[in-house]
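All of the numbers you see were taken from the coordinates with simple rules; none came from a lab. Model, not experiment: these values are computed from the prediction. Virtual Cβ from ideal backbone geometry, glycine too; neighbours counted across all protein chains shown.
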Amino acid sequence: MALASKLNHEGVRVYCICGDGELQEGQIWEAAMTSSHYKLDNLCLIIDNNNLQIDGKVDEVMSIYPLDEKFRSFGFEVISIDGHDINQIINALNKAKTVKGKPTAIIAKTIKGKGVSFMENVADWHGKAPKEEEYNIAIEELKKNHVNKL
Ligand SMILES: [Mg+2]
């Protein structure tokens, strides 16, 4: 999509969100290499870097690190942020718009299940839905945590 936009002079920016576990797949790196080769500065990749995938911790299943160095070596501008900080997210997205001649990767460090005591950093929640009671507890905890931050 980013390449087509460039070729057609459409001026469209393309945003792609990837989990960290899926960065173990070869097609990701083929796309990264292509994005750099064609200087797709209209492409912004956002990586949800929670270090968890369905089988456990990413760095134990198959490490993708050092992620920043890998994307830099693939020709990306790399911005590392706290993925829970809205100001850092906005600043990174704005900075990505100013990058010329190469794609941008925003590495957003996150905590899976943040704000819910029994979900935080637990890989088991990668691929299942909470039961109704768990859902209710989670919503209450999120409300309480949100109110405490105001
Ligand atoms: Mg993950």
Item to check | For the chain, size of Cβ-based charge dipole, Lys and Arg +1, Asp and Glu -1, in debye | outcome: 760
Item to check | Residue-by-residue Karplus 3J(HN,Hα) for segment 41-47, coefficients 6.51, -1.76, 1.60, Hz, glycine and proline x | outcome: 6, 9, 10, 10, 9, 10, 9
Next on the checklist: If you split all Cα-Cα distances of segment 68-150 into 10 Å bins from zero, what percentages do you get per bin, shortest first?
Outcome noted: 16, 33, 27, 19, 5, 0
Next on the checklist: Quick check: the angle from helix 86-98's long axis to the longest principal axis of the chain, C-alpha only, nearest 10 degrees?
Outcome noted: 10
Checklist entry - Can you list residues whose amide H is under 5 Å from Gly19's amide H, if they're 5+ apart or on another chain and H is modeled 1.01 Å from N? => result Asp48
Checklist entry - Over 30 Å between Cα atoms, which of Lys6/Lys95; Lys109/Lys143; Lys6/Lys128; Lys100/Lys128; Lys97/Lys131; Lys95/Lys143 qualify? => result Lys6/Lys128; Lys100/Lys128; Lys97/Lys131; Lys95/Lys143
Checklist outcome for this item: Expected vector for segment 120-129, Karplus 3J(HN,Hα) from phi with 6.51, -1.76, 1.60 and θ = phi - 60°, integer Hz, x for Gly and Pro, equals 4, 6, 10, 4, 4, 7, 5, x, 9, 8
Checklist entry - Under a 5 Å amide H to amide H cut-off, with H placed in plane at 1.01 Å, what residues pair with Val78 once short-range neighbours are removed? => result Ala105
Item to check | Kirkwood hydrodynamic radius of the chain, Cα pairs, Å | outcome: 16.9
Checklist entry - Farthest toward the dipole's positive end in segment 9-70, which of Gly56, His9, Gln27, given Cβ charges of +1 (Lys, Arg) and -1 (Asp, Glu) about the Cα centre? => result His9
Checklist entry - By counting other Cβ atoms within 10 Å of each Cβ, how are Val78, Val116, Val12 ranked from fewest to most? => result Val12, Val78, Val116
Item to check | Mean projection area, nm², convex hull over Cα of segment 103-147 | outcome: 4.4
Next on the checklist: Ignoring everything except DSSP H segments at least 4 long, calculate the 222 nm mean residue ellipticity for the chain; use -39,500 (n - 2.57) per segment, divide by total residues, nearest 500.
Outcome noted: -11500 deg cm²/dmol
Checklist outcome for this item: Rounded to the nearest 10 degrees, the helix 132-149 long axis (Cα) sits at an angle to the longest Cα principal axis of the chain of 70
Checklist outcome for this item: For Asp41, other-chain or 5+-apart residues with amide H closer than 5 Å (H placed, Pro excluded) are Gly101, Lys102
